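Every number in this text was worked out from the coordinates using simple rules, so none of it is lab data. The model shown is predicted, which means the values in this text are computed figures rather than measured ones. So basically every Cβ, Gly included, is an ideal-geometry build from the backbone, and we count neighbours across all protein chains shown.
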Amino acid sequence: MKIILFSRPTGSTSKERFSALLEEVKSHGVEYYVNEGAAEWFNNNAGGTIPAQNIYATMQDVLTDDSVVISYGGDGTLLSAVRAIGGRSIPVLGINSGRLGFLAVVQQEEAVEAVAALIAGDYTIESRALLKVEGDIEDNIDFPLAFNEFSVQRQHMGMIGTRVEIDGRTVANYWGDGMIVATPTGSTAYSLSAGGPILAPECHCIVLTPIAPHNLTMRPIVVPDSCRLRLTIESRDQWAVAAIDNENFTIRNGSTLTITRAEREVFLVKLQNICFYDALKRKMMWGLDGRESKL
């Protein structure tokens, strides 16, 4: 096993726990590498030293088939790690040092135990769907695959129209602030904030969630992930803002985009003591009733 650590340390990153994680990795004699930004932070601020031969500039330089990526940060860090993997079948373990951390379900105070379980092989691999975005998008989008969602939004104050077709049939023209097309994984992210439903990760479907629709009858819709979605942008502005996960770019008015389930998948490390519904309860207080504490 080779461990590839990817992190973007912030003020909430514990120096002591980050150091303890590295010591746990090294104690097992496992080959490991740390990205440049995290290594510089650690060497300058955490009182440690990561040798130059264990530091990488680009993840593709050190990835091999036996690698496991540890994302140490928030959900945004994990999304960036998935992009850096570039669609290869490399499992990812998310350790949360941010606020919510729904994808990165392991808390940083649990990092040492999680790494020990990982090296001991006490885990399973869970596959998650990706969406492939094609059409009139900028040429500089080198990873047009969405783990959470693809979204398009107005650039200024005026409404934006999104005409949605599913398998060649027009569904509706949604007028409002924009549209979100989310995977089951992404159903607990931006889509949820816009009023979309929560989908279990193993569901084979896609959710379309309008953002602040002007017509109150326009509600989220869940469709099979075998569908081919076609979105056409109709805006009074020349440009609209689009995003694939946490990467933003602009698209022209009139742009047409095709969204399908990608052939590639993301593989998450699932520790035995954590499940999706536990994460809902712990991260989002799902199903908790204040009366229970009085019983």
(message) Can you say what percent of the DSSP beta bridges in the chain, counting only those with both residues inside, are antiparallel? Round to 5.
(response) 75
(request) Give, in whole angstrom and from largest to smallest, the semi-axes √(5λ) of the equivalent ellipsoid of the chain, with λ running over the eigenvalues of the Cα gyration tensor. (result) 36, 22, 17
(message) With the cut-off at 32 Å, tell me which of the pairs Lys15/Lys270; Lys26/Lys132; Lys26/Lys281 have Cα atoms farther apart than that.
(response) Lys26/Lys132; Lys26/Lys281
(request) Note the full-extension length gain between Asp167 and Asp237 as 0.36 nm times their separation in residues minus their Cα-Cα distance, in nm to one decimal. (result) 22.4 nm
(message) Per-residue counts of other Cβ atoms within 10 Å, averaged by peptide: what ranking do you get for 158-167, 271-280, 103-112, highest first?
(response) 103-112, 158-167, 271-280
(message) Quick check: pseudo-label points 7 Å beyond the Cα along Cα→Cβ at Ile221 and Ser89, how many nm apart are they?
(response) 3.5
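Can you pull out the chymotrypsin sites (Phe, Trp or Tyr not before Pro) in region 122-170 that DSSP calls coil and that have at most 11 other Cβ atoms within 10 Å? Write out the running numbers ahead of the final one.
Details: sites: Tyr123, Phe147, Phe150; in loops: Phe147.
Passing sites in region 122-170 do not exist.
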(message) Order these by the 10 Å Cβ neighbour count, fewest first: Thr124, Thr256.
(response) Thr124, Thr256
(request) Mind giving me the nanometre distance, one decimal, between the label points for Asp177 and Tyr277, set 7 Å out from Cα along Cα→Cβ? (result) 3.3
(request) With runs of 4+ DSSP H residues as the only contributors, calculate the mean residue ellipticity of the chain at 222 nm using -39,500 (n - 2.57) per run, divided by the residue total and rounded to the nearest 500. (result) -5500 deg cm²/dmol
(request) Treating only the Cβ atoms of Lys and Arg (+1) and Asp and Glu (-1) as charged, compute the dipole magnitude of region 130-263 about its Cα centre; round to the nearest 20 debye. (result) 520
(message) Run the numbers for Ser12 and Gln60: contour at 0.36 nm per residue of separation, minus the present Cα-Cα distance, in nm.
(response) 14.5 nm
(request) Post the alpha-carbon centroid distance, region 177-205 to region 100-149, in whole angstrom. (result) 16
(request) For region 1-135, just the Cα set please: Rg and Dmax, both in angstrom. (result) 14.2, 49
(request) State whether region 172-295 is rounded, prolate or oblate according to the following rule on the C-alpha gyration tensor (a ≥ b ≥ c being the square roots of its eigenvalues): a/c under 1.5 gives rounded; otherwise a/b larger than b/c gives prolate, and the remaining case gives oblate. (result) prolate
(message) When a/c reaches 1.5 or more, the comparison of a/b and b/c decides; with that in mind, is region 185-227 rounded, prolate or oblate per its Cα gyration tensor?
(response) oblate
(request) Please give the length that would be gained between Lys2 and Glu40 if that part of the chain were fully extended, namely 0.36 nm times their separation in residues minus their C-alpha to C-alpha distance (nm, one decimal). (result) 11.6 nm
